[in-house]
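Reviewing the structure listed below.
FYI, it's all coordinate maths here, none of it is from the lab. Keep in mind that this is a model prediction, so the values were computed, not measured. Cβ placement follows ideal geometry from the backbone for every residue including glycine, while neighbour counts extend to all protein chains displayed.
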Ligand SMILES: Cc1ncc(C[n+]2csc(CCOP(=O)(O)OP(=O)(O)O)c2C)c(N)n1
């Protein structure tokens, strides 16, 4: 099968869906400009014109409400934010309007609205350009939350999100954009609410979100060298959540580590820990462990940024403690960074 | 009088030399922070800050190099932070986008468009409440007026007649997007003038002209007890973020740049001082001194230590 990048996969999904369904349109700050949201909105202006691919004023709050209204009236808007942090300006429209839209209509109308938001990281993005926020959104009933990791999922899940009849928040980690992998040509759907086993194993389950899947796969390959077999579950959607895939895996391995691309406290990792303790209580060989961002705003300077973000090393060290293993020598290991990019495939 | 104009020139030189140093050294990958360069806008913050008292307060955006240096004159602190060193009071946590120095009245910057406007309104509210006579000047781009929060803040400031100067640094661009694509109105100044405040406008690139206008605006704020809105036009020389030009990108032309470059804020002020009879040697001496200050600041920053990693957890809450 041919290989394309995560970014190209997003772009294909957009082109194909806009071709298929004339009610789909895309908008947001910078969407049609020459940088094309890192290339993910390439060709859309040229193919579909300025009525279906449009720039907006810097008015996230209002523009979210505009998308909501357009969705209620039968269009399928895709609103793009180049950083998740800017999406926060629309919190009122999301939490007070979009989330309860269908409920407020007694279920008779809904809002098929997709919101793409990019998670920034590195080169001093700092505390206003690096947030994840998926747990905050997942907390609010009525919003679906999707976090693709692989190029295949980027395409299949985005198509599913566009065809879904309710508001979907679609979070794309910037560092996933460069990876290349096999993606089917033409239209296909990865259903919302289905997780994916990224790697099979028997000793311990890592439930990882977004970029942390890359770190988990790296950590698993390091641990494999000393005979530890890791299974990695990528839930792909926080809402709806594929609980069964997590529970089945942990029932098999007896151990669970959650590596979330977000702050730990009150985060998605706590939700997984609660689920696992409830469903796998008697089968656990040890407590569920969680890793994520340091409980601070994200700093700018590199060595503090490195301390802020967990990586494969953090995962290896945590698992060594969970399995009571001595620390292995990782001095020869090259970890991913802004300069050492992950190019895929998984 | 002339000494003030010369000091304004000195600030312009300091800012320009600092940004030239950034352009020169950025490629070494030691300043790991996104740079939104001020080149082209220098006359605005320098002019407005020259009209402010040192105890007055300012806030800015991510495009904040000129404002920071104009308000603080602290080139050592500036480069220490861009290099992320422990010698910066911000200790590298903030980088180029979030410079602040409250001891100099530099009350911070936000990289979220328009979000410093309400906070500055709150600073002004507190200053009025405490009757301390301080004035607040908040700097923002023309994109900021597209945010609802701008109008909500303006309304409140005008309602409560707060001592605040709203400075719109209008380069006609939001990243790569032109006003035609963003604005359902013709004149921002006319819109704002419908509120109970005074409005002012200039497209001068002479910091002394900007200062004089800001003085009049500030005089009205203090005496008339009304907020002021000052719109200053300028041309952004470089790309939105980064240290390069981008005339090949197609959203604007190099001719536009050349027109504005003919009245570049630094060159223009130099020419005017010479015309007023200031000896060239005096200006050359200033240029040499500021160049040397920048050189030393970069050198000191490069030689300084990083703070240790435990600093990550410090300063989240008071006393911790
Ligand atoms: C609320 C918000 N939305 C989007 C962005 C992304 N963004 C960064 S700068 C910018 C353009 C701002 O233009 P303007 O206010 O005119 O300031 P300038 O960059 O021209 O100085 C945009 C859209 C942001 N920082 N904050």
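Which whole-number percent is the relative contact order of the range A:196-341 (Cα, under 8 Å, 6+ apart)? Reported relative contact order: 23 percent. Here, P(r) means the percent of Cα pairs in each 5 Å bin from 0 to the largest distance; for the range A:2-183 it is 1, 9, 18, 22, 22, 16, 8, 3, 1, 0. Computed across the protein assembly as shown, the Kirkwood hydrodynamic radius from all distinct Cα-Cα pairs reaches 26.7 Å. As a length-normalised measure over Cα pairs under 8 Å and 6 or more apart, the relative contact order of the range B:2-307 settles at 25 percent. A quarter of the convex hull surface defined by the alpha-carbon atoms of chain A gives 17.3 nm² as the mean projection. How shielded is B:142-148 by partner chains, expressed as the average number of their Cβ atoms within 10 Å of its Cβ atoms? Counting other chains' Cβ atoms within 10 Å and averaging over B:142-148 gives 4. The distance linking the range B:41-96 with the range A:1-57 is 39 Å (Cα centroid to Cα centroid, whole angstrom).
For the options A:32, A:77, A:184, a Gaussian network treatment of chain A with springs between C-alpha atoms closer than 10 Å singles out A:184 as fluctuating the most. Centroid-to-centroid, using Cα positions, the range A:261-281 and the range B:244-316 are 50 Å apart. Rounded is the label for chain B. Its Cα gyration tensor axes, ordered a ≥ b ≥ c, give a/c under 1.5.
Volume per residue of the convex hull around the Cα atoms, evaluated for the range A:1-66, comes out as 101 Å³. For the peptides A:266-275, B:75-84, the ranking by mean Cβ contacts within 10 Å, running from highest to lowest, is B:75-84, A:266-275.
Counts of other chain beta carbons within 10 angstrom of each beta carbon in peptide A:313-320 average 0. Based on C-alpha pairs under 8 angstrom that are at least 6 apart in sequence, chain A has a relative contact order of 16 percent. Per-residue packing, averaged as other Cβ atoms within 10 Å, sorts the ranges A:216-226, A:95-105 into the order A:216-226, A:95-105, beginning with the highest. With all projection directions averaged, the alpha carbon convex hull of the range A:260-346 covers 7.6 nm². A protection proxy built from the mean count of other Cβ atoms within 10 Å ranks the segments B:181-190, A:139-148, A:316-325, most packed first, as A:139-148, A:316-325, B:181-190. Assuming a viscosity of 1.002 mPa s and a temperature of 20 °C, what translational diffusion coefficient in µm² per second does Stokes-Einstein assign to the range A:225-277, Rh being the Kirkwood radius over Cα pairs? Answer, rounded: 178 µm²/s. Helix A:151-163 and the longest principal axis of the C-alpha atoms of chain A enclose an angle of approximately 40°. For the protein assembly as shown, the 222 nm mean residue ellipticity estimated from helices alone, with every DSSP H stretch of n ≥ 4 adding -39500 (n - 2.57) and the total spread over all residues, rounds to -11500 deg cm²/dmol.
Can you tell me the orientation of helix A:243-253 relative to chain A, as the angle in degrees between its alpha-carbon axis and the longest Cα principal axis, to the nearest 10? For A:243-253 against chain A, the angle is about 10 degrees. Among the residues of A:121-133, the average count of other protein chain beta-carbon atoms within 10 Å of the residue beta-carbon is 4. For chain A, the longest principal axis of the alpha carbon atoms and the long axis of helix A:312-322 meet at an angle near 50°.
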